[in-house]
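A quick write-up on the structure given underneath.
Every number here is computed from the coordinates shown, using simple stated rules; none is lab data. What you see is a predicted model; the values in this text were computed from it and never measured. Virtual Cβ from ideal backbone geometry, glycine too; neighbours counted across all protein chains shown.
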Amino acid sequence: MRLLIVEDEAGLLSSIKRGLEMDGYLVDAAVNGEQALYLAGAEMYDLVILDLNLPDLFGLDVLKELTAMDENIKVLILTAHSELEMKIRGLDLGASDYMVKPFHFEELEARIRMLLRRSFVVEKPVLSFGPMRFDTVKRSLTINGEPVALTKKETAILEYFLLNQEKLVTAEELMAHAWDSEADEFSNSVRVHLTVLRRKIKAVLGYNPICNKVGEGYYLKENTVEQ
Ligand code: CA
């Protein structure tokens, strides 16, 4: 899951970013409205965390632009503005949630989990496929109860597959949802990470569940033993 944080207070920005990265999210940061709109136009974010008092644009105007670009975009407003009127304006303009500073990081994490789950209609914090269990809170994979150590990127790829079990996933989608914008596209090519991920899963599961439909994309498939 890939997030964008828009926040001009450097200390707060870096602490939120670090905290969410430790939760396993891929996080991009913007320090003003222009930068936020530029990044949102260039990348695909699963959620934007938006401050309202920004040095160049007012956050609600950034929100208007974001929803004009993508009407389904999820935006969580995180602001010192506690007035009911501001909250109503934000929600009317398409924000998915509104949190007032100061805030508890644990509450921010919980609300983000809720918003991302809501968008993928996942009710449980554990995603499963066959004997694989992925805990979205701990960011850990077990297969038949045995833990499998994955890197951050492998985890992001696997989670995207588990959330999209019913469809073909393209390499472009993986790039958009499981990569942060600072990543070097060459050394971080999708195929390299996929290969390692498949190998690690196969070592425990006994087969590779990530299949490739040449020229179209990837999908999860259980090992069906035919008689
Ligand atoms: Ca601010």
Open item on the list: Run the reach check for Lys221 against lysines, Cα to Cα strictly under 20 Å, same-chain hits fewer than 8 apart removed. What comes back?
Closed with: Lys167, Lys200, Lys202, Lys213
TODO: Could you list which residues have their amide H under 5 Å from that of Ala29, counting only those 5 or more apart in sequence or on another chain, with H placed in the peptide plane?
DONE: Ile5
Task: Placed amide H near Ala95: partners under 5 Å, 5+ positions off or other chain - done: none
Open item on the list: Can you compute the helix-only [θ] at 222 nm over the chain? Use -39500 (n - 2.57) per DSSP H run of at least 4 residues, normalise by all residues, nearest 500 deg cm²/dmol.
Closed with: -13000 deg cm²/dmol
TODO: Provide the packing ranking of 4-13, 145-154, 194-203, i.e. peptides ordered by the mean count of other C-beta atoms within 10 Å per residue, highest first.
DONE: 4-13, 194-203, 145-154
- [ ] Determine, for the range 1-124, the count of lysine pairs separated by eight or more sequence positions (or lying on different chains) whose alpha-carbon distance falls under 17 Å.
- [x] 5
